[in-house]
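Report on the following structure.
Throughout, read-outs are computed from the coordinates displayed, never taken from laboratory work. Note that the coordinates shown come from a computational prediction; the quantities given were computed from them, not determined experimentally. Cβ sites come from the backbone with ideal geometry, for glycine too, and all protein chains shown count toward neighbours.
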Amino acid sequence: MTKVPPPFDPELAAALELIKDVISPGLTMDEIADIRQGPGIQMLAQLDLTMDGFFEVEDRVVPGPEGAPEISLLICRPTTPAQAGPRPVIYHVHGGGLVIGNNRVGVDVALAWAKELDAVVVSVEYRLAPEHPYPAQIEDVYAGLEWTAKHAGELDGDPQRIVVAGASAGGGLSAALALLTRDRGGPELIGQLLMCPMLDDRNDSPSVHQMAGLGVWDRTANETGWTALLGERRGGPDVPAYAAPARAEDLSGLPPAFLDVGSAETFRDEVVAYASRLWQAGGVAELHVWPGGFHGFDGFAPQAALSQACRGAHLAWLKRLLSS
């Protein structure tokens with residue numbers, strides 16, 4: 001099996017060169033605490049989430065899973081009257097490898113969609129590994145969805161039009177949420193937008209090996225994130241699908257999915273396999289593999305042509321989903 005990696009898109013390669021001294025592809029367990037306190041996370045508190053006054057922004061504490069702490073939801077509602085009845089709701093799940101981040105990570109992407117779509121954004125905060133191993137994360141995400149569906153009317157939102165969306169670990173948790181709501185008979189989602197999702201704890205696909213030491217999230221980092229979540233169970237035979245959606249045996253009965261991934265990133269093969277299995281189960285899925293894209297490239301180099309195409313595809317899919 002060849003381990004020669006596919007090339008990065010030239011514009012993205014230039015962006016990687018600029019950030020290589022700040023972001024390394026490998027993350028180890030003893031680096032988690034420092035990254036949590038790093039300038040990237042701290043800067044999130046300074047973001048203008050109102051988008052120049054377009055949104056009213058609220059942090060609300062709501063009940064968590066039974067017997068667990070409360071959770072924080074970041075709620076962003078357009079300040080203008082709804083154009084045509086209750087608004088669709090984008091339920092956003094943040095990334096961060098399951099070990100870093102908060103409900104402001106990546107929410108600017110969801111807010112850009114919501115501004116175009118006249119939608120409400122609810123971004124959920126969940127407990128992080130390794131301090132809080134599985135199932136803390138998915139149970140927090142599920143509890144936040146239950147609250148959002150029950151109280152959508154208070155937010156000018158439509159409980160019948162909730163889309164879950166997330167990138168990286170947030171994409172994996174979004175896929176897990178779709179499985180869990182199906183199996184529990186919970187709030188019905190109309191779509192799942194899975195951006196470079198983190199789906200498979202086994203960490204052993206060809207793309208995992210090809211991209212070792214390259215990009216911004218490699219095999220070492222992936223092992224760190226999954227081990228933080230699962231401990232010694234990682235890679236073993238008894239990992240539940242609500243932890244690692246690639247483990248799901250039954251992918252039928254799920255909401256329409258959008259999945260995308262770069263051709264030059266660790267998650268490429270698991271995302272392509274998941275999309276194929278959705279089709280094989282009779283589901284609806286749209287898959288994009290961005291040539292030369294590294295993990296999360298559109299966030300690191302938003303002006304690149306490939307990033308513009310990627311973000312345009314997200315919005316176009318949401319528009320079609322919400323108009324159907």
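Can you give me the C-alpha center-to-center distance between segment 88-112 and segment 268-324, rounded to a whole angstrom?
Centre-to-centre distance over Cα atoms comes out at 16 Å.
At a Cα cut-off below 27 Å, give the lysines reachable from residue 150, other chains included and same-chain residues fewer than 8 away excluded.
115, 319
Please arrange 32, 190 by counting, for each residue, the other beta carbons lying within 10 Å of its beta carbon, fewest first.
190, 32
Taking neighbour counts of Cβ atoms within 10 Å as a proxy for exposure, in what order, fewest first, do 266, 227, 50, 80 appear?
Fewest-to-most Cβ neighbours within 10 Å comes out as 80, 50, 227, 266.
Fewest first, what order do 267, 54, 300 take by the number of other Cβ atoms within 10 Å?
Starting with the residue having the fewest Cβ neighbours, the order is 54, 300, 267.
What number, rounded to the nearest 500 deg cm²/dmol, is the helix-based mean residue ellipticity at 222 nm of the chain, given -39500 (n - 2.57) per DSSP H run of at least four residues and division by all its residues?
Computed ellipticity for the chain at 222 nm equals -10500 deg cm²/dmol.
If I fit a long axis through the Cα atoms of helix 169-184 and take the longest principal axis of the Cα atoms of the chain, what angle between them do I get, 0 to 90°, rounded to 10?
60 degrees
DSSP beta bridges in the chain, what fraction antiparallel, as a percent rounded to 5?
Roughly 30 percent of the DSSP beta bridges within the chain come out antiparallel.
Using Cα pairs closer than 8 Å and at least 6 residues apart in sequence, work out the relative contact order for the chain, in percent.
19 percent
Evaluate the distance, in nm, between pseudo-label points positioned 7 Å from the Cα of residue 303 and of residue 66 along their respective Cα→Cβ axes.
5.3 nm
Could you tell me which residue out of 106, 141, 71 lies farthest along the dipole of segment 67-205 toward its positive end? Charges go on the beta carbon: Lys and Arg +1, Asp and Glu -1, centred on the Cα centre.
My answer, from the dipole projection, is 106.
What is the dipole size for segment 10-323, taken about its Cα centre, with +1 at each Lys and Arg Cβ and -1 at each Asp and Glu Cβ, in debye to the nearest 20?
Approximately 580 debye in magnitude.
Of all GluC sites (Glu not before Pro) in segment 100-208, which ones are in loop regions per DSSP and have a Cβ with at most 14 other Cβ atoms within 10 Å?
131, 188
For the chain, set up a GNM with springs between Cα atoms under 10 Å and report which of 94, 295, 209 has the largest fluctuation.
The residue with the greatest mean-square fluctuation here is 209.
If you place +1 on the Cβ of every Lys and Arg, -1 on the Cβ of every Asp and Glu, and leave all else neutral, what size is the dipole of segment 120-256 about its Cα centre, to the nearest 20 Debye?
With only Lys, Arg, Asp and Glu charged at Cβ, the dipole is about 160 debye.
Answer with one residue from 23, 284, 235: the one whose Cα lies farthest towards the positive end of the charge dipole of the chain, charges on Cβ with Lys, Arg +1 and Asp, Glu -1.
Going by the Cα projections, it comes out as 284.
Quickly rank 268-278, 313-323 as a protection proxy: mean count of other C-beta atoms within 10 Å, highest first.
Result, highest mean Cβ count within 10 Å first: 268-278, 313-323.
Which of 237, 197, 133 ends up with the largest GNM mean-square fluctuation for the chain, with Cα atoms connected below 10 Å?
237
What residue among 106, 67, 185 has the largest mean-square fluctuation in a Gaussian network model of the chain, using Cα springs under 10 Å?
So, out of 106, 67, 185, the one fluctuating most is 67.
Roughly how many Å is it from the Cα centre of segment 192-227 to that of segment 8-30, as a whole number?
That distance is 15 Å.
Report the full-extension gain for the segment residue 47 to residue 17: residue separation times 0.36 nm, less the Cα-Cα distance, to one decimal in nm.
The residue 47-residue 17 span can extend by a further 8.3 nm.
Enumerate the aspartates and glutamates that residue 20 could reach by cross-link, defined here as Cα to Cα under 17 Å, with residues fewer than 8 away along the same chain left out.
Partners within reach: 9, 11, 31, 218, 265, 298.
Taking the Cα centre of segment 1-154 as the origin, how large is its charge dipole in debye, to the nearest 20, when only Lys and Arg (+1) and Asp and Glu (-1) carry charge on their Cβ atoms?
The dipole magnitude comes to about 240 debye.
Run the quick spin-label model on residue 131 and residue 56: label points 7 Å from Cα toward the beta carbon, then report their separation in nm to one decimal.
3.3 nm
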